[in-house]
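Undergrad: Quick one: structure below, then a few questions.
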Amino acid sequence: MNLGQMQAELGYLIKDNGTLASWLVGWINDAILSVATDYDLPPLAMVTPYEIEVDTTDWLWSLPDSFHKNLFMAKRVNSDGSAYRIHNIYKNYRYLLSKDHTITGDNVRELAVIPQGLDFMLGVHPLAEDILNLWFYQKPAALVDASDVCDCIPFNFIPQVIYPKIIIKNYQFIVDQVTDFAFTAGPLQYWQGELAKGLFGARGQGTGLLGYFQINFHPPRRTGGRDPIGGKPYHYGSGM
């Protein structure tokens, strides 16, 4: 489902007579970004790392515009090409703020992402000359042209998740234009329920977006009981 199709379907849902058409692209992109902010969407987790070179001149380094959230892995790369994982990545960046930022070392051992206004900086400790590989969640690609498609939410979940999100977030603008529904709950409550079903699923209505990602990108967990056979790898295929 591309941007043009989303605009057409949303126009029908909100009974748009042309007054809201210029807003729809922004609303769509804002809703996608909002879902990507609230939840870790596997398609946005980097596979190929972002490479950054640091030295002893500073402890703060700019992250790319594509950085969205959650620096979940980092490695330092030696001159011979070998890479070693940096395990100390602090979620609470204030821990790194208290460090002595004049100390130098052979390698960077601690990292944190530090917000600076609308930008994000990479904080390192100690100061060192290193090549770092970073893995994080990227921002969703902005939809601009009618043929553009969302890069983080499968097309079949767009009506279930993005449309309700848009209507809920912008309800005050479209309250008089939303398609009427013959339900005991009001239209806003209806769309809140639709969003919940789109995200988490509902009995008899299929798996929600988060369940889809859980099934396809995370192994099942065994809890309790004895397992005399032992642990088994989780993989696709016959194992032949």
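Undergrad: Quickly run through segment 1-23 and pick out the residues that are in a loop (DSSP other than H, G, I, E, B), surrounded by 17 or more Cβ atoms within 10 Å (Cβ to Cβ) and either of a type in the set (Lys, Arg) or in contact with a helix residue (DSSP H, G or I) (Cβ under 7 Å, 6 or more places away or on another chain) (or both).
TA: If the condition is that a residue be in a loop (DSSP other than H, G, I, E, B), surrounded by 17 or more Cβ atoms within 10 Å (Cβ to Cβ) and either of a type in the set (Lys, Arg) or in contact with a helix residue (DSSP H, G or I) (Cβ under 7 Å, 6 or more places away or on another chain) (or both), then 14, 20 are the ones that fit.
Undergrad: When you go through (1) exposed (fewer than 15 other Cβ atoms within 10 Å of the Cβ); (2) outside any helix (DSSP H, G or I) one by one for residue 95, which number turns out not to apply?
TA: The number of the failed condition is (2).
Undergrad: Is there any pair with a first residue in segment 65-94 that is assigned by TED's automatic domain parsing to the domain that holds residue 124 and a second that is acidic (Asp, Glu) and outside any loop (DSSP other than H, G, I, E, B) whose Cβ atoms are under 6 Å apart and which are 6 or more apart or on different chains, and what are they?
TA: Taking only residues 6 or more apart or on different chains, the pairs are 76/130; 88/110.
Undergrad: Is it fair to say residue 163 is buried (at least 18 other Cβ atoms within 10 Å of the Cβ), in a helix (DSSP H, G or I), modelled with pLDDT of 90 or more and not β-branched (Val, Ile, Thr)?
TA: Against the criterion (buried (at least 18 other Cβ atoms within 10 Å of the Cβ), in a helix (DSSP H, G or I), modelled with pLDDT of 90 or more and not β-branched (Val, Ile, Thr)), residue 163 qualifies.
Undergrad: Would you tally the residues in segment 140-160 being surrounded by fewer than 18 Cβ atoms within 10 Å (Cβ to Cβ) and closer than 24 Å to residue 49 by Cβ?
TA: Number satisfying all stated conditions: 3.
Undergrad: Give me the residue from segment 24-63 that is in contact with a helix residue (DSSP H, G or I) (Cβ under 9 Å, 6 or more places away or on another chain) and aromatic (Phe, Trp, Tyr) and, out of that set, farthest from residue 138 (Cα to Cα).
TA: So, considering only residues that are in contact with a helix residue (DSSP H, G or I) (Cβ under 9 Å, 6 or more places away or on another chain) and aromatic (Phe, Trp, Tyr), the one farthest from residue 138 (Cα to Cα) is 59.
Undergrad: Here are some residues: 130, 151, 180, 227. Which one is modelled with pLDDT of 75 or more and farther than 30 Å from residue 103 by Cα?
TA: 151
Undergrad: Still on this model: Please tell me if residue 144 is assigned to a loop (DSSP other than H, G, I, E, B), modelled with pLDDT of 90 or more and not assigned by TED's automatic domain parsing to the domain that holds residue 70.
TA: Yes.
The values are calculated or read from the model by the stated rules, or taken from the named source; none is laboratory data. The model shown is predicted, which means the values in this text are computed figures rather than measured ones. Using ideal geometry, Cβ is built from the backbone for each residue, glycine included, and neighbour counts are taken over all protein chains shown.
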